[in-house]
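Asks: Submitted below is the structure of interest, expressed as structure tokens.
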Amino acid sequence: MALWLSPATFVWMVLMIATCASTWWLKSGASTSMLATAAILVIAAVKVRLVITHFMELKDAPIKWRLFFEAWVVIFPGIVLAGFWLARA
Amino acid sequence: MEMSSSLTATTRRLPGDPGVWIFVGADMLMFGLFFSSFVVGRSKNLDLYNLSQQALNFNYGGINTLILLTSSWFVVLAVHAAKMNRVKLIPHLLAAAALCGLAFCSLKVVEYTEKFNHGISMLTNDFFMYYFILTGIHFLHVIAGTVLLFVLWKKARAGAYGSHRYIGLESGATYWHMVDLLWIILFPLLYLMR
């Protein structure tokens, strides 16, 4: 079987497309600033989770390790989103 | 039923050296606090932060995200190649990953130079202090990771990795994915969100 025919390649393609959407499409939607900002952050958090589960292979790791990193994905983007929401102009 | 559950219990494993995971976890907590601190600073001076952000070129950050993601993908394939004992492929994939690391560094130097030429430095204001410190600490992680990838590449060329020897390779991969992951948050936080 060809090496690149793996789920990781599919994940990589999703990550690349999501990055392009955030950077060159959502960023230009300046009129709906808070909504675009929230979308950009949620997409980033989903991307981080994909890296953690598929690239770092934590989906197959002992549950306590997986929980720590999954918690990080919720807590810190959560703090960032709350901070942007509270400070919105 | 019992057999299948005991099977999943034995196949659950942490890739690489657990020590690397503790370092990675601690590093991610540190960056998490940096992100939180940035958000607090921003809430106290919203107009300054939003105005300063416009001086950043998000194309650099976006392209560098694509570069790191691609580098991570090459590293994933290198680990897969080791597990499948496709020994000859491993150094090629690691070289590709390391070259992506170099590309990130080059673009970062171009970006910093542009800022300095426009008279922007760490002392310009609070936003740029965060910008230079956060991207600077991350940049040091990328430099260390790129050196690490070249070391792994050299070892792979000497035949150090295969289907029974890949713990060191996995440990390096774990670190490199963390560098990618931190940039995935850092880039939108500094360049995109407003």
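Asks: Where in the range B:82-194 are there helices (runs of 4 or more DSSP H), lying fully within it, with 3 or more residues that are more than 14 Å from chain A (Cβ to nearest Cβ)?
Replies: It comes to B:89-117, B:126-157.
Asks: Hey, does the range A:19-40 have a residue that's assigned to a loop (DSSP other than H, G, I, E, B) and in contact with a helix residue (DSSP H, G or I) (Cβ under 8 Å, 6 or more places away or on another chain)?
Replies: Scanning the range A:19-40, I find at least one residue that is assigned to a loop (DSSP other than H, G, I, E, B) and in contact with a helix residue (DSSP H, G or I) (Cβ under 8 Å, 6 or more places away or on another chain), so the answer is yes.
Asks: Then there's this: If A:LEU35 passes every condition in (1) over 30 Å from B:LYS83 (Cβ atoms); (2) surrounded by 12 or more Cβ atoms within 10 Å (Cβ to Cβ) but one, which one does it miss?
Replies: Among (1) over 30 Å from B:LYS83 (Cβ atoms); (2) surrounded by 12 or more Cβ atoms within 10 Å (Cβ to Cβ), A:LEU35 violates only (2).
Asks: Tally the residues that are among the hydrophobic types (A, V, I, L, M, F, W, C) and touching a Leu at 6+ places or on another chain (Cβ under 7 Å), restricting the search to the range B:29-55.
Replies: Of the residues in the range B:29-55, 4 are among the hydrophobic types (A, V, I, L, M, F, W, C) and touching a Leu at 6+ places or on another chain (Cβ under 7 Å).
Asks: Something else about it: Going through the range A:9-25 one residue at a time, which ones are surrounded by 21 or more Cβ atoms within 10 Å (Cβ to Cβ) and in contact (Cβ under 8 Å) with a residue 12 or more places away in the chain?
Replies: Selection gives A:LEU15, A:THR19, A:SER22.
Asks: In the range B:155-170, what residues are loosely packed, with under 12 Cβ neighbours inside 10 Å and small (Gly, Ala, Ser)?
Replies: The one that is loosely packed, with under 12 Cβ neighbours inside 10 Å and small (Gly, Ala, Ser): B:ALA158.
Asks: Follow-up question, since we're still on this one. Name the single residue, out of those in the range B:43-65 being farther than 22 Å from B:LEU181 by Cα and either touching a residue at least 60 places away in the same chain (Cβ under 8 Å) or β-branched (Val, Ile, Thr) (or both), that is surrounded by the most Cβ atoms within 10 Å (Cβ to Cβ).
Replies: For the range B:43-65, the residue satisfying everything is B:TYR49.
Asks: With the requirement that a residue be more than 19 Å from A:ILE17 (Cα to Cα) and touching a residue at least 24 places away in the same chain (Cβ under 8 Å), what does the range B:66-94 give you?
Replies: Those that are more than 19 Å from A:ILE17 (Cα to Cα) and touching a residue at least 24 places away in the same chain (Cβ under 8 Å): B:VAL75, B:ALA78, B:VAL79, B:ALA82, B:LYS83, B:MET84, B:ASN85, B:VAL87, B:ILE90, B:PRO91, B:LEU94.
Asks: Another one. Restricting the search to the range A:58-79, which residues are surrounded by 21 or more Cβ atoms within 10 Å (Cβ to Cβ) and closer than 22 Å to B:PHE74 by Cα?
Replies: The answer is A:LEU58, and nothing else.
Asks: If you don't mind, another one. Quickly run through the range B:106-131 and pick out the residues that are over 25 Å from B:ASN45 (Cα atoms) and surrounded by 16 or more Cβ atoms within 10 Å (Cβ to Cβ).
Replies: Once the filter is applied, which keeps residues that are over 25 Å from B:ASN45 (Cα atoms) and surrounded by 16 or more Cβ atoms within 10 Å (Cβ to Cβ), the range B:106-131 yields B:LEU107, B:LYS108.
Asks: Separate question: Output the residue which, of all residues in the range B:32-51 that are hydroxyl-bearing (Ser, Thr, Tyr) and over 10 Å from B:LEU190 (Cα atoms), is farthest from the chain's Cα centre (by Cα).
Replies: B:SER43
Asks: Could I ask something else about it? Contact list please: Cβ distance under 7 Å, first residue in the range A:47-73 and within 7 Å of chain B (Cβ to nearest Cβ) and at negative phi, second residue acidic (Asp, Glu) and buried (at least 18 other Cβ atoms within 10 Å of the Cβ), pairs at least six apart or on different chains.
Replies: As it stands, the answer is A:VAL51/B:ASP180, since those pairs meet every condition given.
Here, each number is a calculation from the coordinates, and none is a lab measurement. Keep in mind that this is a model prediction, so the values were computed, not measured. When we count neighbours, we look across all protein chains shown, and the Cβ atoms used for this are built from the backbone with ideal geometry, even at glycine.
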